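Have a look at the structure below before the remarks.
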Amino acid sequence: MEGTQAPRAPERRHGGAGHPGAGRQRARATPKGRQVEPAARQEVAALLGDRPRRRDLLIEHLHLIQDQYGQIPARLLAALAEEMRLPMAEVFEVASFYAHFDIVHEDAPPLPPLCLRVCDSLPCALAGAHKLADALAQAAGPEMRVVRVPCVGRCDVAPTVEVGHRFIDHATPETVLAAAEQRNTAPHIPHYVDYDSYVAWGGYTLLRRLRAGEISHDAIRDILDRGNLRGLGGAGFPIGRKWKTVRAQPGPRLMAVNADEGEPGTFKDRFYLERDPHRFIEGMLVGAEAVEAAEIFIYVRDEYPAARHILATEFAKLPPGGPALHLRRGAGAYICGEESAMLESIEGRRGYPRHKPPFIFAQGLFGRPTLANNVETLWWIRDLVEKGPDWWLRHGRNGRSGLRSYSVSGRVRQPGVKLAPAGITIRELIDAYCGGMQQGHRLLAYLPGGASGGILPARLDNVPLDFGTLEEYGCFIGSAAVIVLSDQDDVRDAALNVMRFFQEESCGQGTPCRIGTQKAVALMQRPDWDQALLKELSQAMRDASICGLGQAAPNPVLSVMTYFPEVFSA
């Protein structure tokens, strides 16, 4: 019967017909390559259930295994490759790229099932994260493992430890171990404005008017232009112009939402998603209507399980119609905050930034014209359209206009997201919005734009914090992540902390970034910095790195050498 015989090895000829090796060789007893265990095949098939086996869902399926087992055994990785009809090498390269996938090889013992992730980025480090991690490592039981991780987006409640998918804020060894021993690992879902409440307060009126033709796409874009709303994820590109550019491309078009804020010091997107998600959702749907995007992909970082739960819950309450919504989960890669790397991850690949051109507005997700916007940017759409551009422009200080959501952490009494006029100074922000400096601390320095935004000294406390005001000082506002340092902190240690972050988070695609961050960390660990060599290295990284990570990584070290010469004196 056709198809029942084992495949035959091809004939090999060695010389003439009389050669002893001539003719057909015996078929292999098993196929070449890794063999998939029947039990592993069944486990993976059961986990995936009736979910599609599409290539772009690879990362989602890897999460299923990681969540189920607390790790990814190699036998299940091979079974997943077979189930999705992908080469094992391709599945392995994706799984090994992301920090939240723990691959366990065949000859290695299983990992302890419960992972305690201790954030050690700068705000948590200032709050004692290193001592906390050491104490947990000493006290953790045999079923626990302690891992130091980069920023988890909870800088206002530092130090923070993630136990499973539950965060312990203002963590101590006692509170973390208590949660771990009780297996209290489910995310805490905060109170938020749900669909019914949002609609009762006038929500989705703008979207209804747009779909009914009572307000035009052009009118909305004109309001955004006159209000000068810019991208609030860090790049600051005018939103009305971006929407118009994408709309001008031939269809079909797509939309991608960046909820992967991973910059140390940044947590504003989480703040809005966990409190008033429908204001963001309505802005997102208005943007999709404006560019006629048939599908929206919302990429939420893995460190925001509560936000993902809220979005999934509230998406199910939306009335039928409109674009298809796809919620995608990051896996612990800061580089995926770069928009083209985010698109690669949504497609189920490693988060490598793309070379440009082509730009994503013309050739983005799955090769289609794509609108990419940040969460906070979309959150403001409804207010700006309903209240008008004059309302937005009335805010602002020091010659600037609009509002900014400053994520403030570090040595202030009241850290958190501070909605303040654009162009406010650090001194005004600390005194009027953060309750002043912590008791016994005096302002020494501040990072105006997170890890990559540079470090400014206290004497420059009158610089407006906004787009275009910090560049002359070698800094930038980015996503407005403000980290405050005091006279009890060491600016060299702060710069080394963020450079280590960049070293760990470099995707490795570009040599200037991959090797440059490693060399910078090695040089900065020395008691005496070779400033000439560090400046030369920084310039090479700025000139030759593929994306913004490598280009901006030198900013903190250059700032320290520029503004704090006293730390290098004998």
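The values are calculated or read from the model by the stated rules, or taken from the named source; none is laboratory data. These numbers were taken from a predicted model, which means no experiment stands behind them. Cβ sites come from the backbone with ideal geometry, for glycine too, and all protein chains shown count toward neighbours. These area figures cover heavy atoms from the full protein model, side chains too; ligands, DNA and RNA do not enter into them. Shrake-Rupley method; radii C 1.70, N 1.55, O 1.52, S 1.80 Å.
A few points about this structure:
- Distances between placed amide hydrogens fall under 5 Å for L403 paired with A422, all partners being 5 or more residues away or on another chain.
- Placed amide H near V412: partners under 5 Å, 5+ positions off or other chain: Q438
- HN-Hα J in Hz across segment 163-178 - Karplus 6.51, -1.76, 1.60, θ = phi - 60°, x for Gly and Pro: 10, x, 10, 10, 9, 9, 8, 6, 5, 10, x, 5, 5, 5, 5, 5
- Vicinal HN-Hα couplings computed from phi for segment 121-132 (Karplus, 6.51 cos²θ - 1.76 cosθ + 1.60; Hz; Gly/Pro x): 6, 3, x, 6, 4, 4, 8, x, 5, 5, 5, 4
- The chain, accessible area per residue, ligands and nucleic acids excluded (1.4 Å, Å²): 43 Å²
- Rounded to the nearest 20 debye, the dipole magnitude of segment 260-413 is 500 debye, with +1 charges on Lys and Arg beta carbons, -1 on Asp and Glu beta carbons, and the Cα centre as origin.
- Restricting segment 83-129 to GluC sites (Glu not before Pro) that sit in a DSSP loop and have at most 11 other Cβ atoms within 10 Å of their own Cβ leaves E106.
- Protein accessible area in segment 101-194, 1.4 Å probe - carbon and sulfur %: 55 percent
- Mean shadow area of the chain over all directions, Cα convex hull, nm²: 34.0 nm²
- Counting only cysteine Cβ atoms and a cutoff under 4.7 Å, the chain contains unmatched residues C115, C151, C155, C336, C434, C475, C507, C513, C547.
- Label-point separation, A108 to E174 (7 Å along Cα→Cβ), nm: 3.6 nm
- Low-density loop cleavage sites - trypsin sites (Lys or Arg not before Pro) in segment 57-142, where at most 16 other Cβ are within 10 Å (DSSP): R85
- Dimensions of segment 29-139 from C-alpha coordinates, computed as largest minus smallest value along each principal axis and given longest first, are 57, 30, 23 Å.
- Contour minus Cα-Cα distance for K131 and R226 (0.36 nm per residue): 29.2 nm
- Computed 3J(HN,Hα) for segment 40-49, one whole-Hz value per residue from the Karplus formula 6.51 cos²θ - 1.76 cosθ + 1.60 where θ = phi - 60°, is 5, 4, 5, 4, 5, 4, 5, 5, 6, x, glycine and proline marked x.
- The simple Förster model, with R0 at 30 Å and r as the Cβ-Cβ distance, assigns E143 and R275 a FRET efficiency of 0.30.
- Cross-link partners for K317 among the aspartates and glutamates, with Cα-Cα distance under 16 Å and sequence neighbours closer than 8 places in the same chain left out: D194, D196, D276, E282.
- Gain upon complete extension [I189, A324; 0.36 nm per residue less C-alpha separation]: 46.1 nm
- The modelled label-to-label distance for the pair A200/N462, using points 7 Å beyond Cα in the direction of Cβ, is 5.0 nm.
- For Y446, residues with placed amide H under 5 Å, excluding near neighbours: L456, L485
- Label-to-label distance for K317 and T562 is 4.7 nm, based on points extended 7 Å past Cα in the beta-carbon direction.
- Cβ-Cβ FRET estimate between H217 and R51, R0 fixed at 41 Å, reported to 0.05: 0.70
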